[in-house]
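Novice: Let me give you the structure first, and then I'll get to my questions.
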Amino acid sequence: MNIMFKVILHLSFLFLVDRSLSSPIKQNKTKVLILGAGLAGIKAAKTLLDRNITDILILEGKNYTGGRIHAIEFANHSIETGANWIHFVNEDETKPIVDRRDAKKLKGLTSNYSDILVRDEAGNDITDFAVLREFYDKIEHKIEDYKVKWKGQPDFSARVGMKRMGWSAEQPIESVIEYFNIDFEFARPPEEVSFYNMFERGEDFFISDGRGIWSMYEDLYKPLEAKTLLGKLITKIKHNADSVEVQTSDGWSYQADYALCTFSSGVLASDLVTFEPALPNWKKEAIHKNPMSPYTKIFLKFPKKFWDNHEYILYASKERGRFPVWQDLSRPGIFPISSGMLLITVTGSEGRRIEGQLFNETKAEIMGMLREIYGNGIPEATDIYYRRWSKEPLTQGAYSEPVVGMTSKDWENIGKNLGRLYFAGEATSEDWCGYMQGAYLTGDKKGNMIADKISPRESYNKRKSEATPTSPSKPGKPKSEATLAKVSSVGILLPPLWLITMWK
């Protein structure tokens with residue numbers, strides 16, 4: 001009996017040693033954990049702080065706050081590697097962001113998508129406003145009418161919808177105009193874009209201020225600096241009816257009564273983080289319907305400006321998607337004319353290809369194209385930079401964009417909490433998916449939801465009902481059977497009809 005007891009005791013000791021070696025040994029307890037220090041996470045944390053909930057801890061895997069809002073120094077100028085525009089500046093729900101811009105007096109330029117020039121592979125100016133007008137008349141002007149006409153039909157691609165409306169991109173100029181309105185907006189070709197997800201653009205503001213877009217949110221993140229831990233790579237999230245536990249790669253375990261996950265849809269769809277229990281199938285399915293898209297902004301520095309003096313130059317290559325959209329940054333409101341700065345944007349599969357190769361390889365391709373158009377006498381680019389968002393494990397793309405067939409129920413499922421584990425971020429916002437507004441508004445909403453659980457007498461709903469009512473945002477936005485999609489567009493372009501674009 002004594003021997004048996006010793007055996008059991010020895011085995012129990014080995015079991016405990018094994019558990020101590022395999023489990024995090026450093027622990028921390030807090031009321032609310034915020035997972036991710038991007039805009040959604042920071043806004044949620046500040047909302048909690050404003051509700052007098054101070055026992056908060058923010059875990060961020062990167063070495064900076066801001067997520068996909070991040071500026072760097074390039075060729076003596078500050079450039080935005082991620083979000084660059086405030087989109088839909090006149091919408092009610094954009095007002096908090098516009099107010100921040102105005103308070104900081106951030107410099108920039110209202111985008112003019114009608115200021116374009118189209119060149120072919122030989123360098124010829126083939127700008128044809130009749131083609132632009134045709135696209136506008138057949139698609140932009142009638143899209144809402146066709147949504148009403150086809151209401152109740154299953155969702156289908158933008159390609160199918162535009163073909164039914166009488167548009168086909170058979171010539172390079174038609175293809176690049178289509179790209180400028182579809183791919184440049186949605187970061188995907190028309191075959192992969194939901195027809196019911198296409199809406200009119202609003203007015204956009206391109207920020208070029210040296211302080212960067214993230215400086216607009218200084219009042220949010222400054223009070224949270226002491227509560228933010230950087231370089232915390234989350235490996236596991238365990239949740240139950242009573243609490244949430246988060247484990248990080250450095251051996252720490254963080255426990256909280258509530259947690260808010262603000263990961264991108266790409267991270268949620270990957271195996272980067274283990275959920276225990278696993279995410280339910282209804283949430284996984286919704287996440288996979290709203291994947292991340294590559295949107296690759298290639299910044300180039302030249303000794304001098306030699307390209308056309310238009311805000312946008314469209315390259316009508318026979319190879320669709322080959323460096324199609326150029327943006328002149330050497331112009332008033334952005335950078336000095338002497339800056340020699342040019343921005344070329346690629347998306348989709350071409351964006352993935354570019355992000356997978358070296359800077360010098362991409363520069364050589366671009367210089368070959370530019371010399372075909374402007375001649376061999378143009379100067380060599382002295383510097384090049386682009387962020388590889390699709391290659392970064394903690395983002396896996398630039399922004400989310402729903403596939404054909406995404407429904408309102410899917411968006412509800414992406415954002416639905418699992419007990420005490422909540423979800424926020426642009427990918428969880430039906431109306432503002434892919435925009436800064438989506439991150440800002442869902443962060444605020446989920447922060448208040450958690451606060452209401454902790455302090456129900458300070459209910460956000462009560463405060464809202466006592467507030468001065470405002471007019472609804474985006475009045476009259478049509479809703480399809482397939483989706484209550486975000487406001488976005490295939491619109492363009494002609495004065496006075498130009499209608500403007502999205503968060504890239």
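The values are calculated or read from the model by the stated rules, or taken from the named source; none is laboratory data. None of the values given here were measured: they were computed from a predicted structure. All Cβ positions, glycine included, derive from the backbone under ideal geometry; neighbour counts span all protein chains shown.
Novice: Quick check: anything in region 265-273 surrounded by 18 or more Cβ atoms within 10 Å (Cβ to Cβ), touching a residue at least 60 places away in the same chain (Cβ under 8 Å), under 19 Å from Ile378 (Cβ atoms) and within 21 Å of the chain's Cα centre (by Cα)?
Specialist: Checked region 265-273: no residue is surrounded by 18 or more Cβ atoms within 10 Å (Cβ to Cβ), touching a residue at least 60 places away in the same chain (Cβ under 8 Å), under 19 Å from Ile378 (Cβ atoms) and within 21 Å of the chain's Cα centre (by Cα).
Novice: Just checking, how many residues over region 1-59 are modelled with pLDDT under 50 and β-branched (Val, Ile, Thr)?
Specialist: Summing the residues that are modelled with pLDDT under 50 and β-branched (Val, Ile, Thr) in region 1-59 gives 3.
Novice: Another question, then. For region 197-220, which positions are in a helix (DSSP H, G or I), modelled with pLDDT of 95 or more and not aliphatic (A, V, I, L, M)?
Specialist: Within region 197-220, Trp214, Ser215, Tyr217, Glu218, Asp219 qualify.
Novice: Output the residue which, of all residues in region 226-242 that are charged (D, E, K, R), touching a strand residue (DSSP E or B) at 6+ places or on another chain (Cβ under 6 Å) and in contact (Cβ under 8 Å) with a residue 40 or more places away in the chain, is surrounded by the fewest Cβ atoms within 10 Å (Cβ to Cβ).
Specialist: Lys236
Novice: Identify the residue in region 394-442 that is acidic (Asp, Glu) and in contact with a helix residue (DSSP H, G or I) (Cβ under 6 Å, 6 or more places away or on another chain) and, among all such residues, is surrounded by the most Cβ atoms within 10 Å (Cβ to Cβ).
Specialist: Of region 394-442, the ones acidic (Asp, Glu) are 401, 410, 412, 426, 430-431.
Next, from what is left, pick out any that are in contact with a helix residue (DSSP H, G or I) (Cβ under 6 Å, 6 or more places away or on another chain): 401, 410, 426, 430.
Numbers: Glu401: 28, Asp410: 22, Glu426: 31, Glu430: 21.
Ranking the qualifying residues of region 394-442, first place goes to Glu426.
Novice: Okay, moving on. How many residues, within region 303-332, are among the hydrophobic types (A, V, I, L, M, F, W, C) and either within 18 Å of Ser208 (Cα to Cα) or free of Cβ contacts under 8 Å to residues at least 60 places away in the same chain (or both)? Break it down stepwise before answering.
Specialist: Restricting attention to region 303-332, the residues satisfying the condition of being among the hydrophobic types (A, V, I, L, M, F, W, C) are 306-307, 313-314, 316, 323, 325-326, 329.
Cutting the leftovers down to either within 18 Å of Ser208 (Cα to Cα) or free of Cβ contacts under 8 Å to residues at least 60 places away in the same chain (or both) gives us 323, 326, 329.
Of the residues in that region, 3 qualify.
Novice: Within region 213-228, count every residue that is of a type in the set (A, V, I, L, M) and farther than 13 Å from Gly66 by Cα. Give the steps one after another, and end with the answer.
Specialist: So in region 213-228, the residues of a type in the set (A, V, I, L, M) come out as 213, 216, 220, 224, 226.
Now restrict to residues that are farther than 13 Å from Gly66 by Cα: 226.
Selection size over region 213-228: 1.
Novice: Test each condition in (1) in contact with an Asp or Glu (Cβ under 8 Å, 6 or more places away or on another chain); (2) of a type outside the set (Lys, Arg); (3) at pLDDT below 85 for Gln153 and report the one that comes out false.
Specialist: Failed condition: (3).
Novice: Conditions first: (1) modelled with pLDDT of 95 or more; (2) crowded, with 19+ Cβ neighbours inside 10 Å; (3) under 27 Å from the mean Cα position of the chain (by Cα). Thr110 passes all but one, so which condition is the exception?
Specialist: In the conditions (1) modelled with pLDDT of 95 or more; (2) crowded, with 19+ Cβ neighbours inside 10 Å; (3) under 27 Å from the mean Cα position of the chain (by Cα), Thr110 misses (2) alone.
Novice: Residue by residue through region 443-462, note down the ones that are surrounded by 16 or more Cβ atoms within 10 Å (Cβ to Cβ), at pLDDT 95 or above and more than 20 Å from Asn413 (Cβ to Cβ).
Specialist: Hits for region 443-462 are Asp444, Gly447, Asn448, Ala451, Asp452, Ile454.
Novice: From the list Leu394, Leu484, Leu497, Leu493, exactly one residue is under 20 Å from the mean Cα position of the chain (by Cα), assigned to a loop (DSSP other than H, G, I, E, B) and at pLDDT below 50. Which is it?
Specialist: Step by step, each of Leu394, Leu484, Leu497, Leu493 is checked, and only Leu484 is under 20 Å from the mean Cα position of the chain (by Cα), assigned to a loop (DSSP other than H, G, I, E, B) and at pLDDT below 50.
Novice: How many residues are in a helix (DSSP H, G or I) and more than 16 Å from the chain's Cα centre (by Cα) if we restrict to region 416-444? Steps first, please.
Specialist: Here is the first cut: in region 416-444, the ones in a helix (DSSP H, G or I) are 426-428, 436-444.
Checking which are more than 16 Å from the chain's Cα centre (by Cα) leaves us with 444.
So the count comes out to 1.
Novice: Shifting gears a bit: Tell me whether region 65-85 contains one or more residues that are surrounded by fewer than 21 Cβ atoms within 10 Å (Cβ to Cβ), farther than 30 Å from Trp326 by Cα and either at pLDDT 95 or above or charged (D, E, K, R) (or both).
Specialist: no
Novice: Scan region 246-264 for residues that are surrounded by 19 or more Cβ atoms within 10 Å (Cβ to Cβ) and either part of a strand (DSSP E or B) or not β-branched (Val, Ile, Thr) (or both) and report the count.
Specialist: 11
Novice: If you don't mind, there's one more thing I want to ask. Can you list the strands (runs of 3 or more DSSP E) found entirely within region 284-373 that contain at least 2 residues being aliphatic (A, V, I, L, M) and closer than 23 Å to Ala75 by Cβ?
Specialist: The qualifying strands (runs of 3 or more DSSP E) are 295-301, 341-347.
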